[in-house]
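The values are calculated or read from the model by the stated rules, or taken from the named source; none is laboratory data. Keep in mind the model is a prediction, meaning the values are calculated, not measured. All Cβ positions, even for glycine, are placed from backbone atoms using ideal geometry, and neighbour counts span all protein chains on display.
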């Protein structure tokens, strides 16, 4: 088995906790929004979620690499986590409930596990 039941539960709980943090940014009157390009937004919620999730992944899966949308990168020797910490940033930034956290695990060039969590 690729992940133990405890590891899978840890992943699920981690992504749910990140979702709670993301939701707390919806209540902010002045959400910090930056532009990665002319039409590509990044918010402080994206950055926080990425940092939170990457820190947890490194702690519990230190042999794995991480590739994250907002630029975080970590090199390991086993598999690779691919992360979009706030998938649907434009919707989120405008207060629309169409966003999620997307996480996948790749090993030997094959995606083994994928998780998508909509905190709404």
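Here is how the numbers come out for the structure above:
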read-out	value
When residues of segment 92-112 are limited to those that are modelled with pLDDT under 90 and out of contact with any strand residue (DSSP E or B) (no Cβ under 9 Å at 6 or more places or on another chain), the one nearest to residue 16 (Cα to Cα)	97
Condition check for residue 105: within 10 Å of the chain's Cα centre (by Cα) and under 17 Å from residue 7 (Cβ atoms)	no
Residue that is in contact with a helix residue (DSSP H, G or I) (Cβ under 7 Å, 6 or more places away or on another chain) and more than 27 Å from residue 2 (Cβ to Cβ), where the choices are 117, 25, 74	25
Matching strands (runs of 3 or more DSSP E) fully within segment 12-120 where at least 3 residues are surrounded by 15 or more Cβ atoms within 10 Å (Cβ to Cβ)	41-43, 65-68, 80-87, 100-107, 110-117
Where a residue in segment 107-120 is under 23 Å from residue 88 (Cα atoms) and its partner, wherever it lies, is modelled with pLDDT under 90 and surrounded by 11 or more Cβ atoms within 10 Å (Cβ to Cβ), with Cβ under 6 Å and at least six apart	120/97
